[in-house]
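J.: So that we are looking at the same thing, I have put the structure below in structure tokens.
The values are calculated or read from the model by the stated rules, or taken from the named source; none is laboratory data. All of these numbers come straight from a predicted model, not from anything done at the bench. Methodologically, a virtual Cβ is constructed for each residue, glycine included, from the backbone with ideal geometry; neighbour enumeration extends over all protein chains shown. Keep in mind that these areas ignore ligands, DNA and RNA; they rest on the heavy atoms of the full protein, side chains included. Shrake-Rupley method; radii C 1.70, N 1.55, O 1.52, S 1.80 Å.
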Amino acid sequence: MSTDLVPAAVGAAPAVRRRAEPDVRTATGTRLTAAAARRLADSVPKNSHDARASRWRSYRDWCAAYGWALDEPNAVVSYLADLADRGHPAQTLEAHLGTLRALRAVKEAPLGDAEVKAALRIVSHRAGEEADDPDLEPGPLQADAVDLDELRLMVRKLDRTTVRGKRDAAAMLIDFWMAGRASEPARLNLHDAKITTVKIKDATGTKVPRRALIIKVRRSKADQHARGQEVRILAPGEQELCPIHALEEWLQVLADDGQLTAGPLLRRIDRHGNIGAKAAGRLTRDARRRGGITADTVNNIIKAAARAAGLTPTPTAEERAAAARAKQEAYAAAAQAPTAEQANAVLKTWRAGVRAARRAVRRITGHSMRRGWIQAALAAGAPAEVVAAHSRHSLRSSAFDAYRKKTIPWSQNPTLILGLAA
């Protein structure tokens, strides 16, 4: 048999391979395969997708209410000004501008350079307005840090003899010691957490064994390309706060239930005590993580423990009803106002009251663990570059800088230099 290649017939047309799913048309009229469209849609986290959709919907409704075309020049500038007049902070205006600028470009109606500059001036003016307002504390509402004493109180409110208590302790302690975002412990798989023993030199220079936990963070908010990072945690001396001890207790739960198998590390538990995929309730969109928890679960675990420890207040039914009623009344009054300016003033007054009430109490959320560990490590004297590496920050990151305590301890107060302290 000849091994020579047989050339294709001259002029023969190549076969066209059919696809099971038809191609889709984009907003600009171009064509994409269904697979490409699906991957592009899934590449945006659900929270980000929902936030962008909400901002565009707000802009669209504003345009309809005030007679502007969605692609009209200066519509975005005017919309941002109205948001400012309603009492929204500069950070909110900045987020809306980013979304609208991107979506207007996608819809082939990009903002001109002059309009972008005008919009940024609106944002800057609102920031200055917040800074100068004597009745308003400027800046975004941020989660408060949880220190080690508070973490101890929160852990003690968990019933660690139960399946749920063991899972919640593992989630909370891993989140704290890895300086995690709530989504990071929720996204861990069983093989992403490795318990090991390492040797560390003690004060005499002798190498002594120490238990350690190595966590593989495969993807995070700051690592959208999923390059992955390792987080290394040495076992603290206090077993109550040890993430390795908590993890071992949780792994034993999985083993006893026959679920020490590939899949999410932290798994769902329903009110009947069923674990993982066997638990009832709403399932995750990703079939491979059907038995796992979400960032919301981690957030709720931490909030519930903080309330149980008395670190944050629990709103009463009457307080929740009063807040809902105040919002309804504010929007009703705004709807009845004769001018847009008067309507905006009503909403601004209501929104300022809400922000003041929220600032008056502590806010402990999933992010409190991240902020708490960073502040505790810096206060203990760990170099900033080491802390930033552990928390997966760049040293030049404005986000990392925002986690630092800006208040100088009294013992280090520079006015002591004058030597006139009593």
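J.: Quick check on my filter: what residues within the range 355-367 are within 14 Å of ALA305 (Cβ to Cβ) and either among the β-branched types (Val, Ile, Thr) or touching a Phe, Trp or Tyr at 6+ places or on another chain (Cβ under 9 Å) (or both)?
T.: ILE364, THR365
J.: Okay, next question. Being open to solvent by 20 Å² or more (accessible area, probe 1.4 Å) and more than 21 Å from ALA305 (Cα to Cα), is that true of even one residue in the range 140-158?
T.: Yes, because at least one residue in the range 140-158 is open to solvent by 20 Å² or more (accessible area, probe 1.4 Å) and more than 21 Å from ALA305 (Cα to Cα).
J.: Tally up the residues in the range 375-417 that are at pLDDT below 80, within 18 Å of ALA145 (Cβ to Cβ), open to solvent by 30 Å² or more (accessible area, probe 1.4 Å) and of a type outside the set (S, T, N, Q), please.
T.: 8
J.: Of the residues LEU97, LEU136, only one is within 26 Å of the chain's Cα centre (by Cα), modelled with pLDDT of 95 or more and either closer than 27 Å to VAL361 by Cα or aliphatic (A, V, I, L, M) (or both); which?
T.: Unique residue meeting the criteria: LEU97.
J.: While we're here: Looking at (1) open to solvent by 20 Å² or more (accessible area, probe 1.4 Å); (2) of a type outside the set (S, T, N, Q); (3) closer than 24 Å to ALA388 by Cβ, which one does LEU190 not meet, given that it meets all the others?
T.: (3)
J.: Scanning for something farther than 30 Å from SER48 by Cα and free of Cβ contacts under 8 Å to residues at least 40 places away in the same chain, does the range 180-194 turn up at least one residue?
T.: yes
J.: Would you be able to tell me the number of residues in the range 74-105 that are farther than 16 Å from GLY128 by Cα, of a type outside the set (Gly, Ala, Ser), open to solvent by 40 Å² or more (accessible area, probe 1.4 Å) and part of a helix (DSSP H, G or I)?
T.: Matching residues across the range 74-105 total 2.
J.: Would the range 336-352 turn up any residue that is part of a helix (DSSP H, G or I), aliphatic (A, V, I, L, M) and either closer than 30 Å to LEU254 by Cα or open to solvent by 60 Å² or more (accessible area, probe 1.4 Å) (or both)?
T.: No, the conditions are met nowhere in the range 336-352.
J.: Just one of (1) out of contact with any Gly (no Cβ under 7 Å at 6 or more places or on another chain); (2) more than 22 Å from ALA308 (Cβ to Cβ) trips up TRP373, so point out which.
T.: (2)
J.: If you scan the range 26-68, which residues turn out to be open to solvent by 70 Å² or more (accessible area, probe 1.4 Å), touching a residue at least 12 places away in the same chain (Cβ under 8 Å) and either hydroxyl-bearing (Ser, Thr, Tyr) or assigned to a loop (DSSP other than H, G, I, E, B) (or both)?
T.: Once the filter is applied, which keeps residues that are open to solvent by 70 Å² or more (accessible area, probe 1.4 Å), touching a residue at least 12 places away in the same chain (Cβ under 8 Å) and either hydroxyl-bearing (Ser, Thr, Tyr) or assigned to a loop (DSSP other than H, G, I, E, B) (or both), the range 26-68 yields ALA27, TYR66.
J.: So for the range 116-130 (the condition being outside any loop (DSSP other than H, G, I, E, B), among the acidic types (Asp, Glu) and buried (at least 22 other Cβ atoms within 10 Å of the Cβ)), does at least one residue qualify?
T.: The answer is no; no qualifying residue exists.
J.: Would you say ASP71 is open to solvent by 80 Å² or more (accessible area, probe 1.4 Å), within 25 Å of ASP50 (Cβ to Cβ) and modelled with pLDDT under 95?
T.: yes
J.: Separate question: Could you count how many residues in the range 257-273 are under 28 Å from the mean Cα position of the chain (by Cα), without any contact (Cβ under 8 Å) to a residue 24 or more places away in the chain and more than 14 Å from GLY165 (Cα to Cα)?
T.: Total meeting the criteria: 0.
J.: Out of the range 356-374, which residues are open to solvent by 30 Å² or more (accessible area, probe 1.4 Å) and in a helix (DSSP H, G or I)?
T.: Answer for the range 356-374, where residues must be open to solvent by 30 Å² or more (accessible area, probe 1.4 Å) and in a helix (DSSP H, G or I): ALA356, ALA357, ARG358, ARG359, HIS367, TRP373.
J.: Looking only at the range 286-335, filter to residues that are among the hydroxyl-bearing types (Ser, Thr, Tyr) and part of a loop (DSSP other than H, G, I, E, B); which one of those is nearest to PRO185 (Cα to Cα)?
T.: THR294
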